[in-house]
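Beneath this line is the structure, given in structure tokens, with notes to follow.
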Amino acid sequence: AQTIHQWPVAEIKAVGSPLSLGCTIKGKSSPNLYWYWQATGGTLQQLFYSITVGQVESVVQLNLSASRPKDDQFILSTEKLLLSHSGFYLCAWSLGPGDNERLFFGHGTKLSVL
Amino acid sequence: GDSVTQTEGLVTLTKGLPVMLNCTYQTTYSPFLFWYVQHLNEAPKLLLKSSTDNKRTEHQGFYATLHKSSSSFHLQKSSVQLSDSALYFCALSEQGTGSKLSFGKGAKLTVSP
């Protein structure tokens, strides 16, 4: 069975500090990977997606970057956090386009920027 | 670009009553629609999906029918339960692109005893 693990579970960071969030998928080779951001009770905003190692596409510009150093790993980072970065970050994977385009979400990382 | 519109922000119902959450979409491609449910402090999970016109799809008592003529994929349930309290998101995928899902604003359903 496939599993998706996100770390850390929660972070409290200061404005201007760096950030690195991680996501690992086990049990599925070459998945499509996604990062989503969600304000408390808000909608899901796609940030990045990746269909293969080393290839990441940005969907919105939020002073964040993402990398896929391994087939099963997706990293979200920034060198300088803003207050607006607070929220819930969800990593997700899918098999690909068409009928298999359902997303499987991790449990997320709650980020508070103070 | 693609967009998904959900009109209800907050819905409060008494247990046993029916519910309908609206979802309309805009796309120039062949649509693939989803409903995701997110319970408090949990990750979103797929509830329903469809790309077939005029075919009802059902899961866990919820059902929806994709109507391409009206660009709609409304979510319904005939009798809500306390455990149905959650955030419900409608999402649209351009079939074949594999890269982007557009989510609606979400509808928060609260079911009271």
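Listing for the model above:
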read-out	value
Candidate set: the range B:70-113, residues that are more than 26 Å from A:Thr40 (Cα to Cα) and modelled with pLDDT under 95; chosen: the one nearest to the other protein chains (Cβ to nearest Cβ)	B:Gly98
Residue identified as surrounded by fewer than 20 Cβ atoms within 10 Å (Cβ to Cβ) and on the phi > 0 side of the Ramachandran plot among B:Gly16, B:Gly106	B:Gly16
Positions within the range A:1-15 being in contact with a Gly (Cβ under 7 Å, 6 or more places away or on another chain) and either farther than 16 Å from A:Gly87 by Cβ or surrounded by fewer than 13 Cβ atoms within 10 Å (Cβ to Cβ) (or both), in sequence order	A:Ala1, A:Gln2, A:Thr3, A:Ile4, A:His5, A:Trp7
Any hit, the range B:28-42, residues being crowded, with 20+ Cβ neighbours inside 10 Å, within 12 Å of another protein chain (Cβ to nearest Cβ) and polar (S, T, N, Q)	yes
Selection from the range A:74-92 of residues that are away from chain B (no Cβ under 11 Å) and either loosely packed, with under 15 Cβ neighbours inside 10 Å or hydrophobic (A, V, I, L, M, F, W, C) (or both)	A:Phe74, A:Ile75, A:Leu76, A:Ser77, A:Glu79, A:Lys80, A:Leu81, A:Leu82, A:Leu83, A:Ser84
Residues of the range A:11-22 satisfying the condition of being at negative phi and not in a strand (DSSP E or B)	A:Ala14, A:Val15, A:Ser17, A:Pro18
Options B:Ser93, B:Ser85, B:Ser72; residue that is in contact (Cβ under 8 Å) with a residue 40 or more places away in the chain, more than 16 Å from B:Gln6 (Cα to Cα) and touching a strand residue (DSSP E or B) at 6+ places or on another chain (Cβ under 7 Å)	B:Ser85
Among the candidates B:Leu46, B:Leu66, B:Leu101, residue that is more than 16 Å from B:Gly9 (Cα to Cα) and without any contact (Cβ under 8 Å) to a residue 24 or more places away in the chain	B:Leu46
Single residue of A:Leu95, A:Leu103 found to be hydrophobic (A, V, I, L, M, F, W, C) and either surrounded by fewer than 20 Cβ atoms within 10 Å (Cβ to Cβ) or more than 9 Å from every other protein chain (Cβ to nearest Cβ) (or both)	A:Leu95
Strands (runs of 3 or more DSSP E) contained entirely in the range A:46-94, each with at least 3 residues that are among the polar types (S, T, N, Q)	A:73-78
Selected residue (criterion: nearest to the other protein chains (Cβ to nearest Cβ)) from residues of the range A:18-52 that are farther than 27 Å from B:Gln6 by Cα and polar (S, T, N, Q)	A:Ser50
Positions within the range A:23-33 being free of Cβ contacts under 8 Å to residues at least 60 places away in the same chain and assigned to a strand (DSSP E or B), in sequence order	A:Thr24, A:Lys26
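The values are calculated or read from the model by the stated rules, or taken from the named source; none is laboratory data. Nothing here was measured: the structure is a model prediction, and the numbers come from that model. Every residue, glycine among them, receives a Cβ derived from its backbone with ideal geometry; neighbour counts consider all protein chains shown.
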